[in-house]
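Down below is the structure, laid out as structure tokens.
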Amino acid sequence: MKGLYTILLLVVSNVFMTFAWYGHLKLKQEFSWFAQLPLIGVIVFSWSIAFFEYTCQIPANRIGFVDNGGPFSLMQLKVIQEVITLVIFTLFTTVFFRGEALHWNHFAAFVCLILAVYFVFMK
């Protein structure tokens, strides 16, 4: 169960992270008041979202880490997080930014990520 909790928390964490890192680009397009914010305002806005990322990310790593009784090594946790990050980012990009399209090289990169997961879990 610790592995499942870890992955679920990482998914939630990455949803918040993606909105914190890239959501302001969409908000700038959608809302004129947001486009008028100075950079420091955008940073504070993003940090307020990133707070929730950390409230999921840190417990995920603590629960999932093998030295804390979890099933994953540190390397495995990082690769899992990166794969989840790119999946969430891809979904976010294709849903919220209609002009962005997936190309063959993106799919090739996903195959490489799957191979990375395979190799990091290989005994």
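The values are calculated or read from the model by the stated rules, or taken from the named source; none is laboratory data. Computed from a prediction, not measured in an experiment: that's the story for all the values here. All Cβ positions, even for glycine, are placed from backbone atoms using ideal geometry, and neighbour counts span all protein chains on display. These accessible areas exclude ligands, DNA and RNA; they are computed on the full protein's heavy atoms, side chains included. Shrake-Rupley method; radii C 1.70, N 1.55, O 1.52, S 1.80 Å.
A compact table of results
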item: Failed item, numbered, when Gln76 is tested on (1) farther than 17 Å from Gly23 by Cα; (2) open to solvent by less than 50 Å² (accessible area, probe 1.4 Å); (3) of a type outside the set (Asp, Glu); (4) in contact with a Ser or Thr (Cβ under 9 Å, 6 or more places away or on another chain); result: (4)
item: Ser46 being crowded, with 16+ Cβ neighbours inside 10 Å, touching an Asp or Glu at 6+ places or on another chain (Cβ under 7 Å) and polar (S, T, N, Q); result: no
item: Set Ile114, Ile63: member being touching a residue at least 60 places away in the same chain (Cβ under 8 Å) and under 19 Å from the mean Cα position of the chain (by Cα); result: Ile63
item: Only one of Leu9, Leu27 that is open to solvent by less than 70 Å² (accessible area, probe 1.4 Å) and more than 22 Å from Phe97 (Cβ to Cβ); result: Leu9
item: Residue within segment 50-72 that is part of a helix (DSSP H, G or I), open to solvent by less than 50 Å² (accessible area, probe 1.4 Å), over 18 Å from Phe92 (Cβ atoms) and in contact with a Phe, Trp or Tyr (Cβ under 6 Å, 6 or more places away or on another chain) present; result: yes
